[in-house]
Every structure is written in structure tokens, then in C-alpha cells.
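K.L.:
This structure is in C-alpha cells; I'll ask about it shortly.
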Amino acid sequence: MSSQLDDQRIIEFDVRTDEMLVNMGPQHPSTHGVLRLVLRTDGEIISQVEPQIGYLHRCAEKIGENLTPRQWIPYTDRMDYLAGMNMNLGWALTVEKLMEHELSDKAKHLRVLIAELGRIASHLVGMGAYGLDLGTFSPFLYAFREREKILDLFEDVCGARLTYSYLTPGGATADLPPGWLERCQEFLDQFEPVIQEYHALLTTNAIFIKRTAGIGVMSAEMAIDYGCTGPVLRGSGVNHDLRFHGEEIYTEMYDGYIFDVVCEKDGSYPVDETYPPVPEDAVLGDCWHRFYVRMLEVVQSIKLVRQAMERYSSASGDWGIPIKLSQRLPAGEAYLETEAPRGQMGFYLVSDGTAIPWRVRARSSCFCNLSVTAPLCQGCLLADVPAIVGSLDVVMGEIDR
Amino acid sequence: MNEKSIVEQLEAQFGDQIVAVELDAIDQWIEIQPASLIEICQYLRDTDGIQLEMLNCITVVDYLQTDPKKAAKLDWEPHLEVVYHLSSISHKHSLVVKLKLDRWQDEDQQLLPDVPSVSQIWSTADWHEREVFDLSGVNFTGHPALKRILCPEDWVGYPLRKDYQMPQEYHGIRGR
């Protein structure tokens, strides 16, 4: 036979694994929605990753060019559907920025209260789903048990459990119902000690640390270069949170509130004896740090909600009457980014002076966060891909818009 | 450094490459010549004191009035506007850079307008430019792999153009 080797021993030295294309998704449960990753692998090693997105694309920006800003609010709910309240807030503030609309103090405190509860609910899903990505089911149930209570609170406020359309340009669609603050207080008192359970289940779990510490390390420069924001950026040690460093119309909502930006400084996190220590194997900017930042942000959000409740009940003014459904917009343009749970969510509004915007643009935080997947996964093991993508905590509804 | 002094520094450095400056707008912006985009962006990112190291967003606004009655009253010609939102994490300031383009390079409306790609300066521009190409139809020269990102590869047209027509049919799926 012509293909026979002269020396059979050569084959012993030259056993090679073939390069293989592996298609992961779009229905893989650990991809947080319909994300498809095309992996080029050599054995267990990934040589190239190409994310394929767009399965949920509905061109929300084009829809926004045919509706008034208040009519577009329900479409913002469906972007990051795990943090609908924060999406509403981002768009409402952008419209108010263009209209130079002033809010009463009470309305601002109401918004802080709702937005921070939304952040807690969103980070709980992030935590639970990350457990699922890494093959453990129980944290998901623990996370959803508490999230359910936040959704109950939101349901009392606006009747919806997922797509709220509650915060709207001008304020909110309704005031808080009677007795709501007491129920919220009850929830916080019950929720705060439960966080220790999450730390026991995941943060300090030896298997979890093995799967995440030192995996997918991203430097601060790389995070900024790729436009990463939110916990992904702060997980790399960059002190940047729009609630502190954003534009005035957004930061004035948080004026006088006492809370910290969660990010590592000189090798440690803000000191609190209840926080678990950073494991030895963890490197700044790895999957573990990104996860940990989210966990600590939940604690900060609880603090904020408590302060907001106090201020809301003593503040004067109305809860914020929404603008008219077909309110005429001033000609001009405004761009505003807010700190949504998954990063900086930006909205850009161009108006020609009619009630319907000329152009609407949504800058998605997850879109930028996901774009870093390819360089992060290069050279890692196949099993680490879900760990890395999960640690970015993306929601496809927001990426595809 | 505030936006005003950044703009003054830019004007001293680049002169007539800066076409227009608007400091009274809600978000201060400058308009530049498309040809000097790379040079100016590199300068904005790397100069001490300015350091706009974050590219937040790239948007294209299509200025085309499709209603002929309204179009007759307008004081502008149809054009595209590319808008770059930049911000600095170290100095906490931001700047908007704009440039104007013709909607098409040729009369037959076949050739997309060209803009130099800034993906060498900010890696995040890679995906943003792909999205803009996909939805608004702008060709970024020098981009590593300019292809559609949100729409399917065989999609026809650029949905965020004002004169875009929804397809009647796509692979047997009826539109409208």
C-alpha cells in the first residue's frame, strides 16, 4: 500500500489531535439566553472563540423612532429583562435630561429605592445562574427563593413581575401602595442574614474556587479597552461606578447616601468581618473576583434601600407625575449612561422637536462585556468557557436589542 | 480638565480639521473631518490630561426626510452623521466627536460611505462598527472583519436608514 509508513514507530511520536470546530448553543442552558459560540478546539484547548449573536434581534431602536418616549418604555423592559426597573430608569433619565425636567426629592428617593431592589434581584439571578453554569443546582433555588419576594414587592407596586414599565419619564406611574414600606423592611431584615448562605454555597466553596479562581484573568487596561463596565470592570480593580462618577442628573439621585464602590484596593475589599476572605488562588480580574464584586454589591444595595426608605417616607413633594404620553420634545440630543446591574447602560436620544424621537440608540453594557469573550477564552480549557462567559453575566435580550 | 479646555487644545493642535464646535449643547460636541479621525482619536486617547480611554458608543444618525413636503422646508441636505461618545475613567470627563458623511458614495446608491476604523485604538470599536455597518450601512475601512453581527448574513438593506423598506419575504417567512 502506498500510504504505508516506512517506519511504524513514527506514528508513536506523531500522534496529533485534530483541530475541531465545536458549536456551543444557541440552546445551551449555560449561555444565558440564545448565544451561540463557535469554538475551534485542539483537544481540550480552545484556540479560537467566535460568539454569534442576534437571535433575539428586533431592532428596538427602529421601533423607538416610531413611538413617543413614554410609549417606548415597555421596550426597554425587554432589553435586560432581569433588571427591567433599571432599564426604565436609564431611558426615563435620558428623556428628562433632554427636556431638562426637574424631579421632586420624593420621586428621586423612590427611584433609588426601586432601582437598588432591582439590582439585588438581578444579581441574585446572576449568582444562581452562575452556579448552574458550573454544574451546581442548589444556589439557583436559594437565589430564586429571595428574588421571588422582591418580585412580589414589585408586583404590589405596578402589577407586573418581569416587565414593569414602572419608572417612566417624569417620575413613576404610581406611588407606593400603603403598607409597602413595612413589607419591604420585613424582606430586608429577613434577607440580610441569608447572604451568608450564599457565601457558604458558592463564594467559599472549594470546588467553586477551583473552577473560578485564576480563570479568565482580565487586566484593568484590557477591560477599559474593550469597553467593559459594571461588575466586570470593577472585578478588574477599576474604581468606577456611575452612581459616584456619572453625570449630575444621575449622581444627584444618590446625593447624601452612604455606600461604597465595591472594588479591590491594595489587595483587599472594603473591610467587613462578615465578608469571606479572598482565596489564595484568586487573581485580580478573574472569574471569582467578578462574582465576588456582585455579591458585595448586594450588601451595598441593601444599605441603599434602607436609607432610601427612610428618606422617601420623610420627603416632601409628589412621587413624580409622568409626562404626557405625546409630550413634545425640545429639539436637540442627549446621551446618558446609568449604572445598571450589568454595567453602564446608555441611551442616546436625538429629537427634531416633535413628540417622536428622530433617532433612539441603546448602548448595551452586555454587548461590550461579551465582546471580550474571544480574547479571554483563547488558550483556556473547554470546560472553562461556561465559567468565563457566565462570569460576564450577560443577558441576550439586551445584547441583541 | 473640562470640555472647553480640551476643545481649545484640540483646535490649537489640529486647526481646520475641526469643522464645528458646540459647547452650549447638553452634551458638548465637536465635528471633525473624516480623514483625520484616526489622528484625532489617537490624540484624545493618549494625551496626558485628556485620556479619553473609553469608547462608550458609536451611533449613526440618518438625516433624510422621506416626506417630500417636510423635506422642502428643511435647511439641511440628506447626510449621515457618525457620533462617537468618548469618556475618561481617570479624569471623569467626556466628549462627543461627530463627523458627517454622504449617504452613498455614488448616484446608484450601491457604494456605502467610507470611514476609517478606530478598532486599532479601542478594541471595543470592533463590535460597535460591525453593528453600525449592519444596521446603518457605513463601511469602516481597515476593520479586521467587517460583517453583519445582529442581522443574518444574507439580510438585505440597512434597517436604521430612514428609507429602509421591510422585506416582503425572508426564506419563506412573510413580512408584514
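Nothing in this text is a laboratory measurement; each read-out follows from the coordinates by a stated rule. Nothing here was measured: the structure is a model prediction, and the numbers come from that model. For neighbour counting, all protein chains shown are included, and Cβ atoms are generated from backbone atoms with ideal geometry for every residue, glycine included.
K.L.:
For chain B, what is the calculated [θ] at 222 nm in deg cm²/dmol (nearest 500), taking -39500 (n - 2.57) for each run of four or more DSSP H residues and dividing by its residue count?
P.N.:
-6500 deg cm²/dmol
K.L.:
If amide H atoms are built 1.01 Å from N in the plane of the peptide, which residues on other chains or at least 5 residues away come under 5 Å of the amide H of A:G171?
P.N.:
Long-range HN contacts for A:G171: A:I323.
K.L.:
Determine ³J(HN,Hα), in whole Hz, for all residues of region B:4-12 in sequence, where each value follows from phi through the Karplus function 6.51 cos²θ - 1.76 cosθ + 1.60 and θ = phi - 60°; x replaces Gly and Pro.
P.N.:
4, 6, 4, 5, 4, 4, 5, 5, 5
K.L.:
Short version: ³J(HN,Hα) in whole Hz for each residue of region A:90-99, in order, from phi by Karplus 6.51 cos²θ - 1.76 cosθ + 1.60 (θ = phi - 60°), x for Gly and Pro, what are they?
P.N.:
Going residue by residue, I get x, 5, 4, 5, 5, 5, 5, 5, 5, 7 Hz, with x marking Gly and Pro.
K.L.:
Using a 10 Å cut-off on Cβ to Cβ distances, tally the other chain neighbours for every residue of B:49-60 and report the average as a whole number.
P.N.:
Numbers: counts 0, 0, 0, 0, 3, 11, 5, 9, 13, 2, 11, 2.
Mean shielding count: 5.
K.L.:
Also, quick follow-up: Using just the Cα positions, wrap region A:127-186 in a convex hull and report its mean projected area in square nanometres, one decimal place.
P.N.:
Hull-based average projected area comes out at 5.2 nm².
K.L.:
Let me ask another. Label A:A315 and A:S138 with points 7 Å out from Cα along Cα→Cβ: what is the distance between them in nm?
P.N.:
Result for the modelled spin labels: 4.1 nm.
K.L.:
Quick one: Cα centre-to-centre distance for region A:124-154 and region A:73-94, in angstrom?
P.N.:
The distance from the Cα centre of region A:124-154 to that of region A:73-94 comes to 21 Å.
K.L.:
Could you list log10 I(q)/I(0) for the protein assembly as shown at q = 0.07, 0.09, 0.10 Å⁻¹, which the Debye formula gives when each Cα is one point scatterer?
P.N.:
With one equal scatterer per Cα and no solvent, log10 I(q)/I(0) is -0.43, -0.70, -0.87.
K.L.:
Could you work out the relative contact order of chain A, using alpha carbon pairs under 8 angstrom and six or more residues apart, expressed as a whole percent?
P.N.:
27
K.L.:
Now for a different question. Would you mind ranking A:E102, A:E148, A:E61 by Cβ crowding within 10 Å, fewest neighbours first?
P.N.:
Ascending Cβ contact count within 10 Å gives the list A:E102, A:E148, A:E61.
K.L.:
At a threshold of 8 angstrom on Cα-Cα distance, excluding pairs fewer than six apart, so keeping six or more, what relative contact order does chain B reach in percent?
P.N.:
Relative contact order comes out at 18 percent.
K.L.:
Run the reach check for A:K303 against lysines, Cα to Cα strictly under 28 Å, same-chain hits fewer than 8 apart removed. What comes back?
P.N.:
Once the sequence-local lysines are set aside, what remains near A:K303 is A:K97, A:K106, A:K108, A:K149, A:K265, B:K92.
K.L.:
Further, regarding this structure: Mind checking A:218-225 for the average number of partner chain beta-carbons within 10 Å of each residue's beta-carbon?
P.N.:
Counting Cβ atoms of other protein chains within 10 Å of each residue's Cβ and averaging gives 3.
K.L.:
I would also like to ask the following. Out of the chymotrypsin sites (Phe, Trp or Tyr not before Pro) in region B:57-100, which ones are loop residues according to DSSP with at most 14 other C-beta atoms within 10 Å?
P.N.:
Here the chymotrypsin sites (Phe, Trp or Tyr not before Pro) that fit, given the DSSP loop and packing criteria, are B:W76.
K.L.:
On to the next question. Roughly speaking, what is the stretch gain from A:Q378 to A:E148, that is 0.36 nm per residue apart minus the C-alpha to C-alpha distance, in nm to one decimal?
P.N.:
Full-extension gain reported as 79.0 nm.
K.L.:
Now for a separate question. Report, in deg cm²/dmol and to the nearest 500, the calculated mean residue ellipticity at 222 nm for chain A, where each DSSP H run with n ≥ 4 adds -39500 (n - 2.57) and the sum is divided by the residue count.
P.N.:
Calculated from helices alone, the mean residue ellipticity at 222 nm is -13500 deg cm²/dmol.
K.L.:
Computed FRET efficiency, Cβ-Cβ of A:H245 and A:V283, R0 30 Å: what is it to the nearest 0.05?
P.N.:
Given R0 = 30 Å and the Cβ-Cβ separation, E is 0.75.
K.L.:
Provide the gained length on full extension for the span B:E39 to B:E81, in nm with one decimal, where the gain is 0.36 nm per separating residue minus the Cα-Cα distance. Walk me through the numbers on the way to the answer.
P.N.:
Values: separation 42, 0.36 × 42 = 15.12 nm, distance 1.89 nm.
Going from the current span to full extension adds 13.2 nm.
K.L.:
Which one of A:M79, A:M24, A:M345 has the biggest mean-square fluctuation once chain A is modelled by GNM with Cα springs under 10 Å?
P.N.:
A:M24
K.L.:
At a Förster distance of 22 Å, what's the computed FRET efficiency of B:E169 paired with A:D352, Cβ-Cβ distance as r, to 0.05?
P.N.:
FRET efficiency, B:E169 to A:D352: 0.10.
K.L.:
A follow-up question, please. Angle between the Cα long axis of helix B:37-46 and the longest principal axis of chain B, 0 to 90 degrees, nearest 10?
P.N.:
40
K.L.:
Hey, what angle do you get for helix A:105-133 against the long axis of chain A, alpha-carbon based, 0 to 90 degrees rounded to 10?
P.N.:
With rounding to tens, the tilt is 20 degrees.
K.L.:
Can you tell me the 0 to 90 degree angle between the C-alpha axis of helix B:125-136 and the longest principal axis of chain B, rounded to 10?
P.N.:
Its long axis makes an angle of about 40 degrees.
K.L.:
Ok, one more. Using a Gaussian network for chain B with springs between C-alpha atoms less than 10 Å apart, which of these wobbles most: B:S117, B:S36, B:S94?
P.N.:
B:S36
K.L.:
With just the Cα atoms defining each centre, how far is region B:93-141 from region B:1-50? Give it in Å.
P.N.:
Region B:93-141 and region B:1-50 have Cα centres separated by 18 Å.
K.L.:
Okay, moving on. Please compute the modelled spin-label separation between A:R40 and B:S5, points set 7 Å along Cα→Cβ, answer in nm with one decimal.
P.N.:
Those two pseudo-labels are separated by 4.8 nm.
K.L.:
Using only atoms on other chains, find how many Cβ atoms lie within 10 Å of each Cβ of peptide B:120-129 and report the average.
P.N.:
Counting Cβ atoms of other protein chains within 10 Å of each residue's Cβ and averaging gives 5.
K.L.:
Taking the Cα centre of chain A as the origin and placing charges on Cβ (Lys, Arg +1; Asp, Glu -1), which of A:A60, A:I150, A:V232 is farthest toward the positive end of the dipole?
P.N.:
Among A:A60, A:I150, A:V232, the one farthest towards the positive end of the dipole of chain A is A:A60.
K.L.:
Hey, another quick one. Picking from B:D163, B:D134, B:D114, which is most flexible by a Gaussian network model of chain B using Cα springs under 10 Å?
P.N.:
Fluctuation is largest for B:D163.
K.L.:
Something else about it: Output ³J(HN,Hα) for region A:384-390: one whole-Hz value per residue in order, computed from phi by the Karplus curve 6.51 cos²θ - 1.76 cosθ + 1.60 with θ = phi - 60°, and x for Gly and Pro.
P.N.:
For region A:384-390, the Karplus-derived couplings read 7, 4, x, 5, 6, 5, x Hz, x marking Gly and Pro.
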